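**Q** Mind having a look at this structure? Questions to follow.
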Amino acid sequence: MKSLNTTNWMLLCYSFILLFLIGFGGIAAGASPAGTVAIKGYDSVAYFKDGKALKGSESYYFRWHNMTWYFRTGENRDLFANRPEKYAPQYDGYCAWAMTESRKAITDPEIWRIVDGKLYLNCSMSAYRKWIKDLPGNIRKADENWLKLTGGNLKEKAKKGLPGK
């Protein structure tokens with residue numbers, strides 16, 4: 001009986017050591033269900049429906065473009081899931097101004113604008129002010145740079161209405 005208790009104790013200790021070595025990230029409360037959280041957890045559908053930047057909830061999420069997208073409601077999640085290209089910000093949520101310079105910059109989801117039915121985010125008010133000085137030209141330049149940065153993949157070309165290779 002004593003050896004059985006010792007064996008159980010050793011197994012318990014080894015389990016804790018193994019858990020400690022591989023980490024708690026996959027089971028931690030509040031951890032993203034699968035990796036990178038898109039646009040800092042803001043609900044991209046809310047920009048269109050509510051006209052403002054609103055945080056999403058971990059209760060309503062959807063995986064798209066290797067990111068986890070959060071939403072305020074199940075309805076918003078379903079709208080996004082059915083048409084992510086309509087609701088997702090351009091350039092996978094990277095800064096629109098930075099993209100004109102062929103670089104990726106993390107955005108501030110509170111600095112945004114919808115142009116011709118597309119959501120654009122910027123990393124700062126300074127970047128936003130530069131970007132809005134020539135919206136058509138800057139969007140065209142950023143679109144071209146995004147295609148180069150993404151390897152000009154067919155999905156992005158199809159989304160833009162461009163012919164594939």
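**Q** Has the range 82-97 got any residue that is assigned to a strand (DSSP E or B), under 15 Å from TRP146 (Cβ atoms), of a type in the set (Phe, Trp, Tyr) and not assigned by TED's automatic domain parsing to the domain that holds GLY56?
**A** Scanning the range 82-97 turns up no residue that is assigned to a strand (DSSP E or B), under 15 Å from TRP146 (Cβ atoms), of a type in the set (Phe, Trp, Tyr) and not assigned by TED's automatic domain parsing to the domain that holds GLY56.
**Q** Related question: Could you look through the range 41-79, keep only residues that are under 18 Å from GLN90 (Cβ atoms) and among the hydroxyl-bearing types (Ser, Thr, Tyr), and pick out the one that is surrounded by the fewest Cβ atoms within 10 Å (Cβ to Cβ)?
**A** TYR47
**Q** Continuing with the same structure: Among the residues of the range 49-104, write down those that are without any contact (Cβ under 8 Å) to a residue 60 or more places away in the chain, closer than 21 Å to ASN138 by Cβ and of a type in the set (Asp, Glu).
**A** ASP92, GLU101
The values are calculated or read from the model by the stated rules, or taken from the named source; none is laboratory data. As the structure is a computational prediction, the values presented were derived from the model and not from experiment. Neighbour counts are summed over all protein chains in view; Cβ atoms, including those assigned to glycine, are modelled from backbone coordinates with ideal geometry.
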